[in-house]
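Q: Please find one structure pasted underneath; my questions will follow.
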Amino acid sequence: MVKRVSALSGEYLVGRLGVEGACGVTLKEIPDLSLIQIAAWPDTLSAVGDKAAHIIGADTAPGPGRVVSTSNGSILRIEPLKWWVIGAPAFELSSALSINEGAVLDLSHSRAYLSISGPQAALLLNRHLPLDLREASFPVGTVATTAFHHTGVTIWRSDQGYELLMIRGFALSLWQILIESGAQFNAEIV
């Protein structure tokens, strides 16, 4: 298998941004992303969802706009007939489905994965995303595809904060925007 190289390679510098004071935001790239897309046919949606859930050890697959996570991975319902599975090996998923049930596609090299947390994470992200990230509107376990500086991104709210999947070709410019904006929140890159 080809070794995955970070889209932020050479630009990812660990440290503190901004002035002294309490850290409001923590930015972290999640390396070695395993991102598998599963697409089902309309008549196989339930069966394919059950198989995807079984692979990560979940009881059921998530409904539209929702995420289910276990210690083995996460499943994001990104479209009516599609899920993204993070953390499960591609061969487990591809061997679990027949061509009559659906399709499996490895997207691991197509995205950069960031985790953004801290008491001011939503405020930082709302400077760039046209979403209401308050708890009442975007609770834990919610996923959405939106625009960040005219570029499509997928964001979900996890127990730790916000998880952001960016298209690899735009990841560096979006990262630089986050770094510049993060300085006003005394961001820390870990």
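Q: Looking at Gly182, Gly152 in this structure, which one is in contact with a helix residue (DSSP H, G or I) (Cβ under 7 Å, 6 or more places away or on another chain) and in the same structural domain as Val25 (by TED's automatic domain parsing)?
A: Gly182 is the lone residue from the list that is in contact with a helix residue (DSSP H, G or I) (Cβ under 7 Å, 6 or more places away or on another chain) and in the same structural domain as Val25 (by TED's automatic domain parsing).
Q: Go through region 66-81 and give me each residue that's in contact with a helix residue (DSSP H, G or I) (Cβ under 7 Å, 6 or more places away or on another chain), more than 17 Å from Ala40 (Cβ to Cβ) and not in a strand (DSSP E or B).
A: Result: Asn72, single match.
Table: residues versus (1) among the β-branched types (Val, Ile, Thr); (2) in a loop (DSSP other than H, G, I, E, B).
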site	(1), (2)
Val104	yes, no
Leu124	no, no
Asp132	no, yes
Ala136	no, yes
Val140	yes, yes
Gln160	no, yes
Gly169	no, no
Leu174	no, no
Gly182	no, no
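Q: Please enumerate the residues belonging to region 174-190 that are surrounded by fewer than 18 Cβ atoms within 10 Å (Cβ to Cβ) and among the aliphatic types (A, V, I, L, M).
A: Ile177, Ile179, Ala183, Val190
Q: Does any residue of region 42-49 turn out to be buried (at least 19 other Cβ atoms within 10 Å of the Cβ) and outside any strand (DSSP E or B)? Walk me through it before giving the result.
A: Taking region 42-49 and keeping what is buried (at least 19 other Cβ atoms within 10 Å of the Cβ), we get 48-49.
The next check asks that each one be outside any strand (DSSP E or B); those that pass are 48-49.
For region 42-49, residues buried (at least 19 other Cβ atoms within 10 Å of the Cβ) and outside any strand (DSSP E or B): present.
Q: Among the candidates Ile55, Ile116, Ile99, which residue alone is in contact with a Gly (Cβ under 6 Å, 6 or more places away or on another chain) and of a type in the set (A, V, I, L, M, F, W, C)?
A: Ile116
Q: Right, Phe148: farther than 22 Å from Val19 by Cα, in contact (Cβ under 8 Å) with a residue 12 or more places away in the chain, surrounded by fewer than 19 Cβ atoms within 10 Å (Cβ to Cβ) and of a type in the set (Phe, Trp, Tyr) or not? Quick ask: steps written out before the conclusion?
A: Details: farther than 22 Å from Val19 by Cα: yes; in contact (Cβ under 8 Å) with a residue 12 or more places away in the chain: yes; surrounded by fewer than 19 Cβ atoms within 10 Å (Cβ to Cβ): no; of a type in the set (Phe, Trp, Tyr): yes.
No.
Q: Which condition does Ser95 not pass, out of (1) small (Gly, Ala, Ser); (2) closer than 29 Å to Ala47 by Cα; (3) part of a strand (DSSP E or B), if it passes all the others?
A: Against the list (1) small (Gly, Ala, Ser); (2) closer than 29 Å to Ala47 by Cα; (3) part of a strand (DSSP E or B), Ser95 comes up short only on (3).
Q: Restricting the search to region 96-118, which residues are acidic (Asp, Glu) and under 23 Å from Val153 (Cβ atoms)?
A: Asp106
The values are calculated or read from the model by the stated rules, or taken from the named source; none is laboratory data. Please read these numbers as outputs of a predicted model, since none were measured by experiment. With ideal geometry, Cβ positions are generated from the backbone for all residues, glycine too; neighbour counts draw on all protein chains shown.
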